[in-house]
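Everything on this sheet refers to the single structure shown next.
Each reported figure results from applying straightforward, stated rules to the coordinates on display, with no laboratory input. Just so it is clear, the structure is predicted and the values come from calculations on it, not from any experiment. Cβ placement follows ideal geometry from the backbone for every residue including glycine, while neighbour counts extend to all protein chains displayed.
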């Protein structure tokens, strides 16, 4: 079933998750539309207990919020990658020949700053 299936207000659907790769992923996925026409994602997991027997546990997620969370995760990965790149550059500083390194302002221009402090 396609994820863009139109749904009436106060209705929804679930379909078998054929892309499930681990136990944490839902057994079913789908959508529902509330009375205001807003769409929500629905996820369902097959569960069972002694008292009630088999049942489906569901979670309803706001797609707009999920996109924000995904973007933040992506930014965190980018930030982590940036930090790793900076760390790698710092480690390679010792490989730069001295004549190519920037000299500090104190050593080259110290006499210019003596009277300013």
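A few remarks follow.
- Complete set of residues in the stretch 17-43 that are more than 19 Å from the chain's Cα centre (by Cα), surrounded by fewer than 12 Cβ atoms within 10 Å (Cβ to Cβ) and within 18 Å of residue 55 (Cα to Cα): 23
- Some residue of the stretch 30-37 being under 18 Å from residue 65 (Cβ atoms) and in contact with a helix residue (DSSP H, G or I) (Cβ under 6 Å, 6 or more places away or on another chain): no
- Search result, residues across the stretch 44-57 that are surrounded by fewer than 15 Cβ atoms within 10 Å (Cβ to Cβ) and outside any loop (DSSP other than H, G, I, E, B): 46, 47, 48, 49, 53, 54, 55, 56, 57
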